[in-house]
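Data first, discussion second: the structure below is written as structure tokens.
The values are calculated or read from the model by the stated rules, or taken from the named source; none is laboratory data. Computed from a predicted structure; not experimentally measured. Methodologically, a virtual Cβ is constructed for each residue, glycine included, from the backbone with ideal geometry; neighbour enumeration extends over all protein chains shown.
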Amino acid sequence: MPDSWANPWPLGDHATGPAVVAWRGETPVLRETLLADVTAAAHAVAALDVPDVAVFDTDSYRFAVWLLAAWQVGLAVTVPGDALPATRAALPQPWVGDVAGAALSDWVAAAPDERTPPTPSAPSVRAIGTPSLQVFTSGSTGQPSAIAKTLVQLRNETDALEAAFGHTLPADARIVATVPHQHLYGLLFRVLWPLAAGRAFDCDTLAYPESVWSLPAGRTLALVASPAILKRIPTVPDRGPVAARFAAVFSSGGPLPAEANLAARALLGTRITEVYGSSETGGIAHRHDPQDAWTPQPGVELALDDGGLLQVRSPFLATAGWLTTSDRVTFDGGRFTLLGRADRIVKVEEKRISLSRIEQLLGACNEVDTARTLLLSRQRDEVAAVVVLSAAGREALARDGKAPLDKRLRDALAGDIERVGLPRRWRYVAELPHNGMGKTPEALLAALFAPPTEPEIVTATVDTTGVTLILKIDARLAHFDGHFDAAPVLPGVAQVDWAVRYGRRHFPIDGGFTGMRALKFQRIVQPGMTLTLTLGWDAAKRQLAFAYTSGAGAHSSGKLVFDGMPGGAGE
């Protein structure tokens, strides 16, 4: 650990440190440049004459310079997760970085000419064991909670990361990331750990899954990723093999589904190391395979409280005692399996979103009487809101319509809730659904958003030749969810299923489905189309003939065969 503020964070394992500390594109940033920039920035932040600053900069190198400079002159640093108006208003200290109206945005122009490290005045010098970093996360009440960290805690955690994973990363491994450094996961993995371990990091963030294909070949890389990006990488249209070679891929900030894990692993050519933890606890455990139990990080002790909640004690915590999490677990030897959360904080695109906070904000709106929110987990996780409107809200709905009211309520949340956490789906009800006990289980709320599984039947005509149905293909149909997001297509299996269902409704088909004949799919069916479905039943052959057509022509047709035994598909 550093023992003075002249060098508050170590740069590599040796006094000279690594020759290259960062990469901006294919241009290296040398250690001597970093030291000079930190000295200049330290003079600039010292001139502010304040005890602490807020640092927000999208460039990881510039962020690191501001962070190290502030620490060098004894300032505490607040790292906000965003620069939303509500966040700016809640943090009155000077902001430093690429933020409009920042107190400092350029250390070269702001610093005095001398380049010797400034000496902080006695009142501003902070003891190594006092909080030097503040990050934010959502608390159980829904209000943003400040999490304080000392240099000791941070260095203990980067030491643990090196002990757990350093042997898999060569010294020349280049750290690339899809996650921002404004949150603890990105801050540790893409800035502090590389600086302490002597590995270079990329200045820029990989914002899209397609960015993985643009990474350079011939270099050894370590990818610090979010589950959101890893889930999307396998959905990118075929671009050929990924040229980059990864020594390791890390995922944290939220759950990574096993199927997405394995699909991304196949494309990236290496296993994905998931790291479980929180801003409060730091890293708790990791695993290398989605079927594995979780292994504690070096130095972490675990226990179970009387309610089945995980307890943690580690050198990454502010105190030496046990901290009880909101996660339910079961132990198997020294490892454990996660069973789910016990609070109402959910993860959307790796952002912690408080459903309680959204409900509080909606309840303060003039148009709202009561509101409940929930997380819908479909192709993408998204927040949904069920709202009982006030008299003013009912008037607004009748006067303006649903879409304008949806937007008005979203806008009312936008200053306090990150964009990914704003409700995307809304339902307005006379009263909240409830069970026999008078409670509103989440399952009843979710049922309000369940996508339809059958099309709207506009007309049904029955005559001696068979049945003709006019069907409106709603974009909300469950069959479109995840079936080619860019250009949704109705799966052929859905068309066959509907033919069976409607055939059983209109004809005396009492046998089980046994097969298909002369099946043809000629044109795709997309949302918004109107189809004509004709059905004919041949009782002697026990065959149901179907054909889907539209103004564009024939879409599909075939004959479905049934046996003479009661029961079967479609019932």
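Residues in the stretch 427-434: is at least one more than 26 Å from GLU349 (Cβ to Cβ), in contact with a His (Cβ under 6 Å, 6 or more places away or on another chain), β-branched (Val, Ile, Thr) and surrounded by 14 or more Cβ atoms within 10 Å (Cβ to Cβ)? No; the residues of the stretch 427-434 include none that is more than 26 Å from GLU349 (Cβ to Cβ), in contact with a His (Cβ under 6 Å, 6 or more places away or on another chain), β-branched (Val, Ile, Thr) and surrounded by 14 or more Cβ atoms within 10 Å (Cβ to Cβ). Determine whether ASP485 is surrounded by fewer than 13 Cβ atoms within 10 Å (Cβ to Cβ) and at pLDDT 90 or above. For ASP485, the condition - surrounded by fewer than 13 Cβ atoms within 10 Å (Cβ to Cβ) and at pLDDT 90 or above - is not met.
The lone criterion from (1) within 27 Å of PHE449 (Cα to Cα); (2) among the aliphatic types (A, V, I, L, M); (3) surrounded by 16 or more Cβ atoms within 10 Å (Cβ to Cβ) left unmet by VAL493 is number (3). Counting only residues that are within 13 Å of ALA264 (Cβ to Cβ) and touching a Gly at 6+ places or on another chain (Cβ under 9 Å), which one in the stretch 236-248 is surrounded by the most Cβ atoms within 10 Å (Cβ to Cβ)? Across the stretch 236-248, the extreme among qualifying residues is PHE246. Filtering the stretch 508-538 to residues that are part of a loop (DSSP other than H, G, I, E, B) and either touching a residue at least 40 places away in the same chain (Cβ under 8 Å) or on the phi > 0 side of the Ramachandran plot (or both) leaves ILE509, ASP510, GLY511, GLY512, VAL525, GLN526, PRO527, GLY528, MET529. Which of the residues spanning the stretch 367-390 are among the polar types (S, T, N, Q) and assigned to a strand (DSSP E or B)? THR370, THR373, SER377 - these are the residues of the stretch 367-390 that are among the polar types (S, T, N, Q) and assigned to a strand (DSSP E or B).
Checking each residue in the stretch 426-445 for being closer than 19 Å to ILE358 by Cβ and at pLDDT below 90 picks out LEU432, PRO433, THR440, PRO441, GLU442, LEU444.
Every condition in (1) buried (at least 19 other Cβ atoms within 10 Å of the Cβ); (2) aliphatic (A, V, I, L, M); (3) in contact with a helix residue (DSSP H, G or I) (Cβ under 6 Å, 6 or more places away or on another chain) holds for LEU397 except the one numbered (1). Among residues of the stretch 330-366 being among the charged types (D, E, K, R) and more than 22 Å from LEU230 (Cα to Cα), the one that is modelled with the lowest pLDDT is ASP343. Among helices (runs of 4 or more DSSP H) entirely within the stretch 174-274, having at least 1 residues that are under 17 Å from the mean Cα position of the chain (by Cα) and among the aromatic types (Phe, Trp, Tyr) singles out 184-187. Evaluation of ALA460 against the conditions (1) in the same structural domain as PRO491 (by TED's automatic domain parsing); (2) within 27 Å of ASP381 (Cβ to Cβ); (3) touching a Leu at 6+ places or on another chain (Cβ under 7 Å); (4) of a type outside the set (Ser, Thr, Tyr) shows that the sole unmet condition is (2). Filtering THR465, THR461 for residues that are loosely packed, with under 13 Cβ neighbours inside 10 Å, closer than 24 Å to PHE562 by Cα and in contact (Cβ under 8 Å) with a residue 12 or more places away in the chain leaves a single hit, THR465.
Looking at ARG219, ARG287, ARG190, just one residue is among the basic types (Lys, Arg), under 22 Å from TYR61 (Cβ atoms) and at pLDDT 95 or above, and that residue is ARG190. One residue stands out in the stretch 325-379 among those that are crowded, with 21+ Cβ neighbours inside 10 Å and of a type in the set (Gly, Ala, Ser): the one that is nearest to the chain's Cα centre (by Cα), namely SER354. Among residues belonging to the stretch 194-220 that are of a type in the set (A, V, I, L, M, F, W, C), in contact with a strand residue (DSSP E or B) (Cβ under 8 Å, 6 or more places away or on another chain) and more than 15 Å from VAL20 (Cβ to Cβ), point out the one that is surrounded by the fewest Cβ atoms within 10 Å (Cβ to Cβ). Per the stated criteria, the residue is ALA217. Looking across the stretch 409-420, the residues that are surrounded by 15 or more Cβ atoms within 10 Å (Cβ to Cβ), assigned to a helix (DSSP H, G or I) and out of contact with any Lys or Arg (no Cβ under 6 Å at 6 or more places or on another chain) come down to LEU409, ARG410, ALA412, LEU413. The stretch 318-366 holds strands (runs of 3 or more DSSP E) entirely within its bounds, and those carrying 1 or more residues that are more than 24 Å from ASP416 (Cα to Cα) map to 323-332, 335-341.
May I ask you to verify whether LEU11 is touching a Gly at 6+ places or on another chain (Cβ under 8 Å) and more than 30 Å from GLY415 (Cα to Cα)?
Spelling it out, LEU11 is indeed touching a Gly at 6+ places or on another chain (Cβ under 8 Å) and more than 30 Å from GLY415 (Cα to Cα).
Quick test for you: out of GLY553, GLY503, pick the one residue that is free of Cβ contacts under 8 Å to residues at least 60 places away in the same chain and either closer than 24 Å to THR459 by Cα or in the same structural domain as ILE470 (by TED's automatic domain parsing) (or both).
GLY553
The number of residues in the stretch 145-173 that are part of a helix (DSSP H, G or I) and not hydrophobic (A, V, I, L, M, F, W, C) comes to 10.
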